[in-house]
Each structure stands twice: as C-alpha cells, then as structure tokens.
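Asks: Got a structure for you, written out below as structure tokens; questions coming shortly.
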Amino acid sequence: LNGAVSTIYRKDDPVIREGAKQTRIFQLGSNGSVRIEKMIDDKCVVLGTMGPRETFGEISLLRGESSVASASVIADADDVEVYSIDGWYIQALLDRVPTLGAKFFNYLCQVLSDRLRAREAASKPSKPSKAK
C-alpha cells in the first residue's frame, strides 16, 4: 500500500513508547512478535503479546491528534518487521475514496472485537475437570 512504511526492529527496540504522541496505525509483518508493556506503580508490567499480522495503534488513531500511547509496544525478537501508516494519510485516502471508509472502520471494529473476545476468554477462570 502506498503510504505504508516498513521498519525492522531488533529485540527490545520500542515501536511505540508509552506517553508519546501517537498518530499512526501499525501492523506486524509475517513473522516476529511484540510485547505490550505499561508502567504501573513504577514497575514495568507486560500486558500481553501480539504476533504476525496483528494490528495496533488503532485506538490512538481513532482518538485523533491529541492522543498519546497508553502503553509501550516493544519488539520481542530480532528482525521484527512492522508496517505503519500515518493517520493523515489514511484520512486523505478516505476523503478521496469515501466508500473505503466503511471497509476500513469495519476492519477496525473486527480487530477490536477479536481483541476484546480474547481478553475476556483469558480472564475467565478455567473450570476444574471432573474426575471419573
């Protein structure tokens, strides 16, 4: 896609820093992973990980210019390829091709829905198996 930038990160390189102004949307390439970290009570807490083809940064993009990253995203291996597109480019594209807007926002809704389902499933206590 025109407008997308590909960047290769090494293990422990920050892709996004917590508190930084954030106006891009990101997608991991076909290999590698990132971890999501947040400072809580002066301790770095890993909130989760993301793998190939997963998207992040969409909340900041949806919030607009004044948004800051609520967590850090850190490369979890060497040679992690991340694609990013600036919000202004996406807006210009949607202005030029209005029918693309519905598809784009449908995609973002699916990403967020999948993420919420996964988080909900992970937070449910597992049921003990019944002994026979």
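Asks: Using a 1.4 Å probe and counting only protein heavy atoms, arrange GLU58, GLU120, GLU37 so the residue with the most accessible area comes first.
Replies: If we order GLU58, GLU120, GLU37 from most to least accessible, we get GLU120, GLU37, GLU58.
Asks: Sticking with this one: Let me cross-check ILE8: its accessible surface, 1.4 Å probe, with only protein heavy atoms counted, in Å² to the nearest 10?
Replies: The value for ILE8 is about 100 Å².
Asks: At 1.4 Å probe size, with the rest of the protein present, what percent of the exposed accessible area of segment 25-132 is carbon and sulfur atoms?
Replies: For segment 25-132, the apolar C and S fraction of the accessible surface comes to 56 percent.
Asks: Would you tell me the accessible area of ARG10, worked out with a 1.4 angstrom probe on the heavy atoms of the protein chains, in Å² to the nearest 10?
Replies: 130 Å²
Asks: Rounded to the nearest whole Å², what accessible area per residue is found for segment 40-115 with the 1.4 Å probe?
Replies: 61 Å²
Asks: Connecting C-alpha atoms closer than 10 Å in a GNM of the chain, tell me which of PHE105, PHE26, PHE56 has the biggest fluctuation.
Replies: Residue with maximal mean-square fluctuation among PHE105, PHE26, PHE56: PHE105.
Asks: Kindly report, to the nearest 10 Å², the accessible surface of TYR83 as traced by a 1.4 Å probe over protein heavy atoms only.
Replies: So the heavy atoms of TYR83 present about 80 Å² to solvent.
Asks: List the relative contact order of the chain as a percent without decimals, with contacts defined as Cα pairs under 8 Å and 6+ residues apart.
Replies: 34 percent
Asks: May I ask which of LYS103/LYS124; LYS11/LYS103; LYS11/LYS38; LYS11/LYS43 have a Cα-Cα span longer than 24 Å here?
Replies: LYS103/LYS124; LYS11/LYS103
Asks: Ordering LEU93, LEU100 from largest to smallest accessible area (1.4 angstrom probe), what's the sequence?
Replies: So, going from the largest accessible area down, we get LEU100, LEU93.
Asks: Kirkwood-based Rg over Rh for segment 63-120 (C-alpha set), two decimals? Each step should come with its number before you reach the end.
Replies: Details: Rg = 14.5 Å, Rh = 14.2 Å.
Dividing the radius of gyration by the Kirkwood radius yields 1.02.
Asks: In units of 2.2 N^0.38 Å, what is the alpha-carbon radius of gyration of the chain?
Replies: 1.20
Asks: What's the FRET efficiency of GLU120 with SER70 using the Cβ-Cβ distance as r and R₀ = 22 Å, to the nearest 0.05?
Replies: Working from the Cβ atoms, E equals 0.70.
The values are calculated or read from the model by the stated rules, or taken from the named source; none is laboratory data. A quick note: this is a predicted structure, and the numbers were derived from the prediction, not measured. Positions of Cβ are generated from backbone atoms using ideal geometry, with glycine treated the same way; all protein chains shown enter the neighbour counts. For the accessible areas, the whole protein counts, side chains as well, though only heavy atoms, and no ligand, DNA or RNA atoms are used. Shrake-Rupley method; radii C 1.70, N 1.55, O 1.52, S 1.80 Å.
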